[in-house]
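The values are calculated or read from the model by the stated rules, or taken from the named source; none is laboratory data. What you see is a predicted model; the values in this text were computed from it and never measured. Using ideal geometry, Cβ is built from the backbone for each residue, glycine included, and neighbour counts are taken over all protein chains shown.
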Amino acid sequence: MKHIIIQIESIMKYPPTLSLIKILKEFGHDIVLCTSSVDDSVIGLCNDNGISLRNVGHSYSPENSAVLKMVKIPLIRAGISGTLKDEYNYDSVIWVMTSITLKYIGNILFDKRYIMYMYELSQEIRYYPRLSFPKVSLEKLFQGASAVIECEYNRAHIAKAWFGLEHLPYVVPNKPYIDRLDARMHISDEYCAGIINEIKDRTIIIYQGIIDPERPLEPFIDAVAEMGEKYALVIMSSDIEKVRDKVRTNTYLFPFVTPPMHLQITSWADIGILTYVPVRGETTSPLNAVYCAPNKIFEYAMFGIPMLGNDVPGLTSEFSKHGIGVTFGSFCKNDIIEAIKMILENYTNYKNNAYEYYTKTDNNKEFRRILLEVEQKK
């Protein structure tokens, strides 16, 4: 079977896409990657794994003006259409990755076999955020798919209700598909290694990922500062400039490190932060944060790192069900400090539970089931 993966944004910033590629290669399938984001890391990944790379020829950026988006949408869509014309056949399946990609698909999928693999929970997708129309016909796209995949159980039910689906979407957690790594790994990046060496004897609390209104960090900075020099807060992100003016003496900023190399830094942490606040007016639904499904849960769990997060169902249900962390009620620093102390008082239990949580989640088996059922829908 040939798999045509379409993702407009860089796949290097999406560990679930990298995991899907590894799983499909392990299954022995052919892969074509169609994207507008091509750099040396993407080219290297494709060369190393025998993946056919198709560059649509026009870059995407959410910061583009409305006029530029108006110009680029048909150009990128034409690039995708050209790829499908050359690559798609009776033994192919198309993977549509992320909500942004849906803007550029249009109606070119409707006579083909495709899988919707959604990382975000979006009830509507507008071509231009400030205009209600035109917008993507999500109901038709979801209903026409051979399979819909969501990364969290509640999200699957929400998507089923929103788009009038006959069957519940498949649920595939955002677990990285890599061999379990050891704690306190060697760090290749000299700058990052130098900082970790400086703070390795402290209790290291880490946040890794996007920094935006959905993911507030200032309360964590204040809380860890209050706890003193025996603690260190590491923030690793491509958005570190957004918090640079808020750092305290025991806050350390790391630049974005390309996955999976970022796990070298993660492996030194003692507690992992997850923070999600629903924000209205964003491109995704506010429920995206309420029923969050971060791959960070598994990146922390791989190393047996207990987790600290705010009280939303996507975190509280997983933490309480599996005993892998503690959530707090409000973003005041005292609540965060108390949650940290609770983790440290029961650290061994949380650590062991995190290891077990990671081991028991088997996405390989679930993808085999999905592909078998999709194959039968020919």
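This table checks each residue for (1) at pLDDT 90 or above; (2) not in a helix (DSSP H, G or I).
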residue	(1), (2)
Leu24	yes, no
Val38	yes, yes
Ile43	yes, no
Ser61	no, yes
Asn64	no, yes
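Would you check if there is a residue in segment 199-216 being modelled with pLDDT of 95 or more, out of contact with any Gly (no Cβ under 6 Å at 6 or more places or on another chain) and of a type in the set (Asp, Glu)? Checked segment 199-216: at least one residue is modelled with pLDDT of 95 or more, out of contact with any Gly (no Cβ under 6 Å at 6 or more places or on another chain) and of a type in the set (Asp, Glu).
Yes or no: Ser320 over 22 Å from Val224 (Cα atoms), among the polar types (S, T, N, Q) and touching a strand residue (DSSP E or B) at 6+ places or on another chain (Cβ under 9 Å)? Judged against the criteria, Ser320 is a match.
Can you work out which of the residues in segment 132-162 that are under 18 Å from Trp95 (Cβ atoms) and among the small types (Gly, Ala, Ser) is surrounded by the fewest Cβ atoms within 10 Å (Cβ to Cβ)? The extreme case among them is Gly144. When Ile43, Ile76 are checked against the criterion of being touching a Ser or Thr at 6+ places or on another chain (Cβ under 8 Å) and outside the structural domain of Leu287 (by TED's automatic domain parsing), a single residue qualifies: Ile76. If only residues of segment 254-310 that are under 21 Å from Tyr119 (Cα atoms) and among the acidic types (Asp, Glu) are counted, the one that is surrounded by the fewest Cβ atoms within 10 Å (Cβ to Cβ) is Glu282.
To keep it simple, each residue is scored yes or no on (1) under 30 Å from Met342 (Cα atoms); (2) of a type in the set (Lys, Arg).
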position	(1), (2)
Arg126	no, yes
Lys135	no, yes
Lys160	no, yes
Val171	no, no
Lys175	yes, yes
Ala183	yes, no
Ser188	no, no
Cys192	yes, no
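Annotation note: Cβ proximity below 8 Å between a residue of segment 266-295 that is assigned by TED's automatic domain parsing to the domain that holds Arg202 and aromatic (Phe, Trp, Tyr) and a residue that is assigned to a loop (DSSP other than H, G, I, E, B) and surrounded by fewer than 18 Cβ atoms within 10 Å (Cβ to Cβ) (sequence gap 6+ or interchain) occurs for Trp268/Ala183; Trp268/Arg184; Trp268/Met185; Trp268/Lys200; Tyr276/Glu214.
Picking from residues in segment 46-59 that are of a type outside the set (Val, Ile, Thr), on the phi < 0 side of the Ramachandran plot and not in a helix (DSSP H, G or I), the one that is surrounded by the fewest Cβ atoms within 10 Å (Cβ to Cβ) is Ser59. Candidates Leu45, Leu33, Leu20: the one that is touching a strand residue (DSSP E or B) at 6+ places or on another chain (Cβ under 6 Å) and of a type in the set (A, V, I, L, M, F, W, C) is Leu33.
Among the residues of segment 275-296, are any farther than 17 Å from Ala159 by Cα and in contact with a Ser or Thr (Cβ under 8 Å, 6 or more places away or on another chain)?
no
Tallying residues that are more than 24 Å from Asn64 (Cα to Cα) and surrounded by fewer than 16 Cβ atoms within 10 Å (Cβ to Cβ) within segment 76-90 yields 4.
Those helices (runs of 4 or more DSSP H) of segment 307-378 in which at least 2 residues are of a type outside the set (Lys, Arg) and modelled with pLDDT under 95, considering only elements entirely within it, cover 363-375.
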